[in-house]
Amino acid sequence: MKQSKYNCILQDNTGMVIYNAATDQLVALTPQLANIFNEGKAAPEKIKAQHAELYDHLLQKGIFVCDDADETEAYIRKREEYERSSGEYTITINPTLACNMSCWYCYESHKNMPAMSADVKQSVLLLIDKLLADNKLKKLNLSFFGGEPLLYFDKVVVDIINHAKMQCKAFDAKLSIHFTTNAYLLTDSVLKQLEGLDVSFQITIDGGKQVHDSVRKTKGGEPTYARIVEHIHQTLSRGFSVGVRFNYTAKSIPSFIDVVKDFSHLPQEQKHLVNFTFQRVWQDNEGDASQVEQQVEHIERAFEQAGLFVNNAKSYIVPYCYADGVNTAVVNYNGDLFKCTARDFAPKSKEGTLAADGTLRWNERLRKRMSIRHGSDICLQCRIYPICHGGCSQMKLEAPEGISSCPKGYDDDKIQEIMEGRALYLLTSCKRQKSGNHQ
């Protein structure tokens, strides 16, 4: 046996914490157990002889691995096996790229964008049929994106949902539905039509009321903050889950402290249905980065103190991107296929076409994406590979050819900071859970 290359060890006079990036788990040791570990870590069999229970626990958490283990290959195999056996498929659908607002940072032009045609909608229905029949899915995930998907809720979305509901029932598969929406059109009428379904929403807010309304106006110039917050409350009251994403800049971040009061008085059952995430607008690079981070942390704490759940900006882990998954497809309103929704949907970037009979016809761009999604040799050798992955496949597609350094620009000190930061984040989370505090 040997130590995992993905270990990070933190120790002081109170004991030791060992974090393993491959399992993303911690082992906390008392000073006495830490001494046993230190004395035997170079020859784990010594630990087994002295404290078999500790040895077994370290094996279970991935702290020790077999001498001939290729940990990176094992990690990738485990991920691929999960994809094959998950029984899930996610279709992201753009009913339109049109929008009822004009946010300065949006990468879509929204000009002259029609709704999905009846023919393309029929192809989407046939795609659902094929996926359920051919793959024996356990679960179908439909995600509506855009543009603003609720612009064509009645014309496009309802028919797709009703068909998926009927077919999932026929094939004994679960159905989940997600909307990425500005929520301006998320009326009580829309919510009533979604009752009884597993539906969640991602809704964005751009600051406190005054700041948000200066950024997020309707095409007619009307302010939107009050209506969006009202619709979030209505959505929660009907039992739907909502992720509220705060799009912030260095200038707008202080205003988000005013948003706390609009959610702090939610009933406890509704607080469990909503979570908040801070996401910096990608075009914004003003201000001192460390000061901006401190402001974000300050406001995150204010939300937590109000009993609201925040996806901490400093969790030090990068979830797998949906675009990296084998069992995902993005269908644009015109039938073009993509994998990533964080770029524009220009024809030159498409990765295939949805055929009239519902067949996914992928092109060479998709094959290239899948061939590089696991990362370069630099990434595969890195200590933080299981929690970083070298970035998403879109980032890898856009990286310069032949890059021979970390694609994110991390040096050894930064890598160690990320390892220690993740360990401390998990340790703090465990302590909060044990103390019964809402996080």
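Please treat every number below as a calculation from the coordinates, not as lab data. Since the structure is predicted, the reported quantities are computational estimates derived from the model, not experimental observations. All Cβ positions, even for glycine, are placed from backbone atoms using ideal geometry, and neighbour counts span all protein chains on display.
Cβ crowding within 10 Å, taken as a proxy for footprinting-reagent exposure, orders S189, S376 from fewest neighbours to most as S189, S376.
Farthest towards the positive end of the charge dipole of the chain, among the residues Q122, Q25, I299, is the Cα of Q122, using unit charges on the Cβ of Lys, Arg, Asp and Glu. Basic side chains Lys and Arg get +1 at the Cβ, acidic Asp and Glu get -1 at the Cβ, and with that the dipole of the chain about its Cα centre reaches some 680 debye. For the range 261-353, the Cβ-based charge dipole about the Cα centre amounts to some 260 debye (Lys, Arg positive; Asp, Glu negative; other atoms uncharged).
In this structure, the amide hydrogen of C99, modeled 1.01 Å from its nitrogen in the peptide plane, lies closer than 5 angstrom to those of E148, counting only residues at least 5 positions away or on a different chain.
Bridgeable aspartates and glutamates around K261 (alpha carbons under 19 Å apart, same-chain partners fewer than 8 residues away excluded): D206, D213, E230, E269, E297, E300, E304. For K2 and A226, a Förster radius of 45 Å and the Cβ-Cβ distance give a FRET efficiency of 0.15, rounded to the nearest 0.05. Straight-distance candidates among the lysines for linking to K78, with alpha-carbon spacing under 19 Å and chain neighbours fewer than 8 residues away dropped: K5, K61. When a/c reaches 1.5 or more, the comparison of a/b and b/c decides; with that in mind, is the range 78-322 rounded, prolate or oblate per its Cα gyration tensor? Prolate, because a/c is 1.5 or more and a/b exceeds b/c. About its Cα centre, the dipole of the range 2-69 is roughly 80 debye, where the only charges are +1 on Lys and Arg Cβ and -1 on Asp and Glu Cβ.
With neighbour counts taken as other beta-carbon atoms within 10 Å, the residues F171, F276 rank, fewest first, as F171, F276. Note on E286 and L10: their simple-model spin labels are 3.5 nm apart, each label 7 Å out from Cα toward Cβ. In the set (i) 45, 24, 17; (ii) 40, 28, 22; (iii) 38, 25, 21, the label that goes with semi-axes √(5λ) of the Cα gyration tensor in Å computed for this structure is (ii). With a Förster radius of 22 Å applied to the beta-carbon distance between A43 and D70, the computed FRET efficiency rounds to 0.55.
Per residue of the chain, the DSSP helices (runs of n ≥ 4 H) give a summed -39500 (n - 2.57) that works out to -11000 deg cm²/dmol at 222 nm. Fewest neighbouring Cβ atoms within 10 Å first, the residues T224, T187, T30 line up as T30, T187, T224.
Spatially, the range 41-59 and the range 286-313 are offset by 41 Å when compared through their Cα centroids. For the chain, the relative contact order comes to 15 percent (Cα pairs under 8 Å, sequence separation of at least 6). Between D213 and Q50, the contour length at 0.36 nm per residue exceeds the alpha carbon distance by 52.2 nm. With a Förster radius of 35 Å applied to the beta-carbon distance between E83 and K314, the computed FRET efficiency rounds to 0.75.
Here's the list of lysines a cross-link from K219 could span, going by alpha-carbon distance under 24 Å and ignoring same-chain residues fewer than 8 apart: K111, K155, K209, K251.
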